Amino acid sequence: MVLAKGDRTFVLILYFSREMYPVYGFCVLNDQGSIHHIQHLYPEDDISLHSNRLKVQSYPDFTRRRLLLARSSSTEILPKFSDVYVIPNLDSLDRSKGTSKTVELSAVGEDMIGVLVR
């Protein structure tokens, strides 16, 4: 997904945390101030830095199945850091997570790259 094209297009990236699962994510606002993209961050997501771009690979089908299974284990609202959200052997799941969806964020300047990585 291309979030900005040309020299005069600017976007604002807002990082957020909330009181429910998934706890963290970011929101991209376009130059008119409307929401362009919302990305929740999950433990199974792969996040990497390539030059001046932050790459987030998510696995929507895997995440959907995992959350359905976790939420079916309880009829109550689960705390945001509940153990049912823990993924055993997360590092060994690389090939079994299925099809990925990739979002790349570009940064201009060393300061902005550091912000994206955080």
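I'd like to verify a number: residues in the stretch 53-73 that are part of a helix (DSSP H, G or I) and either more than 16 Å from the chain's Cα centre (by Cα) or surrounded by 15 or more Cβ atoms within 10 Å (Cβ to Cβ) (or both), how many?
So in the stretch 53-73, the residues part of a helix (DSSP H, G or I) come out as 60-72.
Those left that are additionally either more than 16 Å from the chain's Cα centre (by Cα) or surrounded by 15 or more Cβ atoms within 10 Å (Cβ to Cβ) (or both): 62-63, 65-72.
Summing the residues that are part of a helix (DSSP H, G or I) and either more than 16 Å from the chain's Cα centre (by Cα) or surrounded by 15 or more Cβ atoms within 10 Å (Cβ to Cβ) (or both) in the stretch 53-73 gives 10.
Taking the stretch 20-52 as the search range and keeping residues that are part of a strand (DSSP E or B), closer than 23 Å to R95 by Cα and not charged (D, E, K, R), which one is modelled with the lowest pLDDT? Give the derivation first.
Residues of the stretch 20-52 that are part of a strand (DSSP E or B), as a first pass: 24-29, 35-40, 46-50.
Next, only the ones that are closer than 23 Å to R95 by Cα stay: 39-40, 46-50.
Next, from what is left, pick out any that are not charged (D, E, K, R): 39-40, 47-50.
Working: Q39: 92, H40: 95, I47: 89, S48: 88, L49: 84, H50: 80.
Within the stretch 20-52, the match that is modelled with the lowest pLDDT is H50.
Count, please, the residues in the stretch 79-104 that happen to be outside any helix (DSSP H, G or I), at pLDDT below 90, surrounded by 10 or more Cβ atoms within 10 Å (Cβ to Cβ) and more than 17 Å from the chain's Cα centre (by Cα).
Count: 0.
Count, please, the residues in the stretch 22-66 that happen to be within 16 Å of T102 (Cβ to Cβ) and among the hydrophobic types (A, V, I, L, M, F, W, C).
Total satisfying the criteria: 9.
Search the stretch 58-81 for residues that are within 14 Å of Y42 (Cβ to Cβ) and pair each with any residue that is part of a helix (DSSP H, G or I) and among the small types (G, A, S) when their beta-carbon atoms are under 8 Å apart and the residues are at least 6 apart or on different chains.
Filtered contacts from the stretch 58-81: F62/S96.
When E76 is evaluated against the numbered criteria (1) acidic (D, E); (2) at pLDDT 90 or above; (3) over 17 Å from the mean Cα position of the chain (by Cα), which criterion, by number, is the only one it fails?
(2)
The values are calculated or read from the model by the stated rules, or taken from the named source; none is laboratory data. Since the structure is predicted, the reported quantities are computational estimates derived from the model, not experimental observations. So basically every Cβ, Gly included, is an ideal-geometry build from the backbone, and we count neighbours across all protein chains shown.
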